[in-house]
Amino acid sequence: MKKKGRRERDSLGFLSVPGDAYFGIQSLRASRNFPVSGIRLPAVMVKAAAFIKSAAAEANLSEGRLEKAKAEAIIQACGEIAAGRFADQFIVDVFQMGAGTSFHMNCNEVIANRAEEILGGGRGEYRLVHPNDHVNMGQSTNDVFPTAMRLAAVDHLQNVFFPSIRKIEADFFEKAEEFDPILKSGRTHLQDAAPVRLGQEFNAYGQALRKGRFFLEKAEVSLHELGIGGSAVGTGLNTSSGYRSLVVKNLCRLTGFRLSAAEDLREAMQSLRPMTEVSAALRNLAVETGRIANDLRLLASGPRTGFSEIELPAVAPGSSIMPGKINPSMLEMMNMVCYQVIGCDQVVCSAAQAGQLELNVMMPVVAYNLLFMIEIFGRALGQLDKKCIRGIKPNIDRCREYATKSLGMATALSAYMGYAGASEIAKESLRSGKPLVDLIREKKLFTEKQIEEILNPMKMTEPGIPGLKKKKRRLRKPTR
């Protein structure tokens, strides 16, 4: 049997709200107005909103605007919500009323009803704690929602993304050290090129990820500047003089983040630049990660008809029809995530540009896409590292075979017989099928000692001209 509903009123009229619900009439209207995707803003966004409401209640108590009993009930309710209680009470779709007003009122109503209950009242009565008058005192959707976006993004970056990317970076560098002695053929344009070491390739992958992370860490700093206290249009209307600084101070304590008040509250409300900076940094990392995943898929292609220079850990059967087939499954997953991240960045970019005058009303879709891309990217990197990167093994014999057969070895001859002469030898090698070394011996172009020096593939993987002794530099006498 359904529990008896309760009758609530807002500025548009009356609705019957489920009797056991902590949400109220405005949340219910929103859920009926926007049954679009079935997707809700993530729990980290609810947690961030709860922190803001708790910090605001404490600030208003300190400023003498909110009674102690009401403030303490609101703070207790917010603590419970931040800990994960009442998750099913946040019912508003991601695609909702602009600026996030529906989500914001959903938060206000759940907090108010729980605080009312703590003080001995009934849900939906709002006699002791009102969602607008008390929970939302000194606040507006226009400063609460962008602040919650920032806090939620910092939370996700620090707890989901950065640990994963730092670990996979470290594992790429570890593999680089392990693979450093392994010689292989380089490839440019997917054609034979000068020799490289497998470890050099893996070191470059680690460096690419590390540099991308550095850029993201710089972008993340902009999220720590908050526009809370700006109220409706960034002017601080209906806030007390000390409210803004108190809220930020309280949020620092509640979140553990180093936060500061925005220098210009209007700018913080109008502009979503911090979100686009972080989104762009994530996009850049997705581009790099996708490229690296593609490289690893090529290097592992085969095992008989591809490059087969590395072997990936087997995580699942690769075909429903071809027995024994193993696919680069984790890398394929990573590619798909990278494409999704790039798509999310486009949404964030377009929505951020759509701001008008004192407010950007597209904030809910920005919040969802930014948090979604951080979460899936971080989790995908963690899985890729654990189930793929750490278990990669080199095919040393295949790498050595390609290194010695590569026409790119002719590059070292250019320093001795010119580009044209080296090119003729390379073309004859390809045409006849004879290795370069055999042709050089046959034509008696160099002595055995010279061949050993000039065509030493390992020496080709470092700066210098193979076979030439380095001249000692003469120290110049200092001039007076």
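Please treat every number below as a calculation from the coordinates, not as lab data. Keep in mind the model is a prediction, meaning the values are calculated, not measured. Every residue, glycine as well, gets a Cβ built from its backbone with ideal geometry; the counts of neighbours run over all protein chains shown.
Gain on full extension, evaluated as 0.36 nm per residue between Glu442 and Tyr419 minus their Cα-Cα distance, stands at 6.3 nm. Checking the cross-link pairs Lys393/Lys443; Lys4/Lys68; Lys68/Lys218; Lys184/Lys386; Lys175/Lys218 against a 31 Å limit on the alpha carbon distance flags Lys393/Lys443; Lys4/Lys68; Lys68/Lys218 as lying beyond it. Put simply, the convex hull of the Cα atoms in segment 406-460 casts, on average, a shadow of 3.3 nm². Ellipsoid semi-axes for segment 75-136, based on the Cα gyration tensor and the rule √(5λ), read 20, 14, 9 Å when sorted largest first.
Here is the tail figure for segment 234-341: Cα pairs spaced more than 23 Å apart come to 57 percent of all pairs. Converting the Cα gyration tensor eigenvalues of segment 353-480 into ellipsoid dimensions via √(5λ) gives semi-axes, longest first, of 52, 27, 18 Å. How many percent of the alpha carbon pairs in segment 294-440 exceed a separation of 25 Å? Value for segment 294-440: 57 percent of Cα pairs lie more than 25 Å apart. Rounded to the nearest 500, the 222 nm mean residue ellipticity of the chain from helices alone is -18000 deg cm²/dmol, with -39,500 (n - 2.57) taken per DSSP H run of at least 4 residues. Between Gln356 and Ser245, what FRET efficiency comes out of the Förster formula 1/(1 + (r/R0)^6) with R0 = 25 Å and r the beta carbon distance, rounded to 0.05? Result of the calculation: an efficiency of 0.30.
Under 5 Å between amide hydrogens, built in the peptide plane, is the criterion, and for Ala261 it picks out Leu226 among residues at least 5 positions away or on other chains.
The smallest convex shape that holds all Cα atoms of the chain, its convex hull, gives 232 Å³ per residue. Between Asn294 and Lys4, the contour length at 0.36 nm per residue exceeds the Cα-Cα span by 98.6 nm. For segment 1-105, the percent of C-alpha pairs falling in each 5 Å distance bin, counted from 0 to the bin holding the largest distance, reads 2, 12, 18, 20, 20, 18, 8, 2, 0, 0. Database remark: amide H of Arg6 closer than 5 angstrom to the amide H of Val17, Gly19 (H placed geometrically; neighbours at sequence offset of 5 or more, or on other chains; Pro and chain starts carry no H). Among the trypsin sites (Lys or Arg not before Pro) in segment 121-160, those located in a DSSP loop and surrounded by at most 15 other Cβ atoms within 10 Å of their own Cβ are Arg127. Between Ile310 and Ala300, Asn395, the built amide H atoms are under 5 Å apart, and every one of these is 5 or more places off in sequence or on another chain. Neighbour counts of other Cβ atoms within 10 Å put Thr235, Thr276 in the fewest-to-most order Thr235, Thr276. Our coupling estimate for segment 29-44, obtained by passing each phi through the Karplus curve with A = 6.51, B = -1.76, C = 1.60 and θ = phi - 60°, is 4, 4, 5, 7, 6, 10, x, 9, 10, x, 9, 9, 4, x, 4, 5 Hz, Gly and Pro reported as x. For segment 232-284, the C-alpha radius of gyration sits at 1.37 times the compact-globule guess of 2.2 N^0.38 Å, with N the residue count.
Segment 44-167: D in µm²/s via Stokes-Einstein (Kirkwood Rh, Cα pairs, 4 °C, 1.567 mPa s)? Diffusion coefficient, whole number: 87 µm²/s. No solvent, one uniform scatterer per C-alpha: report log10 I(q)/I(0) for segment 113-207 via the Debye equation at q = 0.22 1/Å, two decimals. Ignoring solvent entirely, the Cα scatterers give -1.02. Applied to segment 62-73, the Karplus parametrisation 6.51 cos²θ - 1.76 cosθ + 1.60 on θ = phi - 60° returns per-residue 3J(HN,Hα) values of 4, 7, x, 9, 10, 4, 4, 4, 5, 4, 5, 5 Hz, with x for Gly and Pro. When DSSP beta bridges are restricted to pairs lying wholly in the chain, around 90% turn out antiparallel.
Between Phe14 and Ser37, the contour length at 0.36 nm per residue exceeds the alpha carbon distance by 5.7 nm.
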